[in-house]
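Each remark here refers to the structure printed beneath this line.
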Amino acid sequence: MYTAVLEDDTDQLDLIRLWLGQGGHQAKGFSTGSEFIAGISRERFDLLIIDWMLPDTSGDAVIRWAREHLGWEVPIVVLTARDDEQTVLTALKSGADDYLVKPARPAEMLARIEALSRRYGIGGAPVLHLGPYEIDIQRVRIALDGMSIELTQKEFDLAVYLFQSPGKLLSRDHLLNRIWGLNADVDTRTVDTHVSRLRKKLRLDGSNGWKVFPVYGYGYRFERIGAEG
């Protein structure tokens with residue numbers, strides 16, 4: 001699993017990254033909330049580990065941002081030095097899936113991560129089959145009726161996100177931030193261009209069980225049509 005770790009104590013951060021590496025995970029560390037948000041805006045992570053007490057913001061604020069901008073597809077674990085009931089409840093209500101009380105223990109951390117990966121289906125089925133579409137995230141490949149479709153990296157990222165968000169109203173700004181990042185030097189017309197290309201390349205017109213619907217003045221909704229998939 002590719003994990004983003006937010007921890008302001010550099011020694012603790014290095015230790016957590018070491019434990020994750022020993023458990024077969026790749027990790028990227030951040031020491032401030034602003035760096036972390038910028039990082040998860042640019043890259044796609046399988047898991048977020050967030051310290052509760054931070055120098056420039058709070059853990060619950062970072063979690064709320066992640067849920068608002070990344071959705072609920074990525075699991076979040078909170079690290080906290082406080083184990084009182086109110087802190088735990090606040091973390092879970094903010095959108096965390098689980099929590100670890102400091103000092104964290106490596107075996108427990110890896111066990112909880114393994115449990116979350118099973119719950120979210122991470123690593124269990126790298127190839128998704130959705131009707132005639134086959135999505136191989138590891139190989140960055142989408143096939144339609146067995147034929148690979150040539151896509152750019154951003155087209156692939158956008159297509160995967162659409163297939164992971166069926167029925168949701170997705171604003172242009174949300175898609176722009178989610179796929180290109182908050183600091184990208186592009187505007188919402190880029191989203192429209194990429195959606196139009198995907199509609200043609202992947203034939204997302206309803207004829208293959210999936211359709212992109214424009215939502216006037218807002219963005220898009222991606223829907224499964226009929227019983228395909």
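I'd like the full set of residues that are over 13 Å from Ala66 (Cα atoms) and either under 15 Å from the mean Cα position of the chain (by Cα) or among the small types (Gly, Ala, Ser) (or both), limited to segment 14-44.
Across segment 14-44, the qualifying residues are Gly21, Gly23, Gly24, Ala27, Lys28, Gly29, Ser31.
Go through (1) closer than 25 Å to Trp65 by Cα; (2) surrounded by 14 or more Cβ atoms within 10 Å (Cβ to Cβ); (3) in contact (Cβ under 8 Å) with a residue 40 or more places away in the chain and name the single condition Thr190 misses.
Result: Thr190 fails condition (3) only.
Quick check, is Val215 at pLDDT 90 or above, exposed (fewer than 15 other Cβ atoms within 10 Å of the Cβ), of a type in the set (A, V, I, L, M, F, W, C) and touching a strand residue (DSSP E or B) at 6+ places or on another chain (Cβ under 8 Å)? Let's see the steps before the verdict.
Details: at pLDDT 90 or above: yes; exposed (fewer than 15 other Cβ atoms within 10 Å of the Cβ): yes; of a type in the set (A, V, I, L, M, F, W, C): yes; touching a strand residue (DSSP E or B) at 6+ places or on another chain (Cβ under 8 Å): yes.
Against the criterion (at pLDDT 90 or above, exposed (fewer than 15 other Cβ atoms within 10 Å of the Cβ), of a type in the set (A, V, I, L, M, F, W, C) and touching a strand residue (DSSP E or B) at 6+ places or on another chain (Cβ under 8 Å)), Val215 qualifies.
State which residue is surrounded by the fewest Cβ atoms within 10 Å (Cβ to Cβ) when the search covers only segment 21-34 and only residues that are part of a helix (DSSP H, G or I) and touching a residue at least 24 places away in the same chain (Cβ under 8 Å).
Start the filter on segment 21-34 by keeping residues that are part of a helix (DSSP H, G or I), which leaves 21-22, 33-34.
Add one more test, that the residue is touching a residue at least 24 places away in the same chain (Cβ under 8 Å), and what stays is 22, 33.
Details: Gln22: 10, Gly33: 21.
My answer is Gln22.
Of all residues in segment 190-211, which are touching a strand residue (DSSP E or B) at 6+ places or on another chain (Cβ under 8 Å), at pLDDT 95 or above and not charged (D, E, K, R)?
Answer for segment 190-211, where residues must be touching a strand residue (DSSP E or B) at 6+ places or on another chain (Cβ under 8 Å), at pLDDT 95 or above and not charged (D, E, K, R): Val195, Leu198, Leu202, Leu204.
What's the total number of residues in segment 138-186 that are surrounded by 12 or more Cβ atoms within 10 Å (Cβ to Cβ) and outside any helix (DSSP H, G or I)?
Going residue by residue through segment 138-186, those that are surrounded by 12 or more Cβ atoms within 10 Å (Cβ to Cβ) are 140-144, 148-149, 151, 154-166, 168-182, 184, 186.
Applying the additional criterion that residues be outside any helix (DSSP H, G or I) yields 140-144, 148-149, 151, 164-166, 168-171, 181-182, 184, 186.
Summing the residues that are surrounded by 12 or more Cβ atoms within 10 Å (Cβ to Cβ) and outside any helix (DSSP H, G or I) in segment 138-186 gives 19.
The values are calculated or read from the model by the stated rules, or taken from the named source; none is laboratory data. All values reported here derive from a predicted model rather than from experimental measurement. Backbone-built Cβ (ideal geometry, glycine too); neighbour counts: all protein chains shown.
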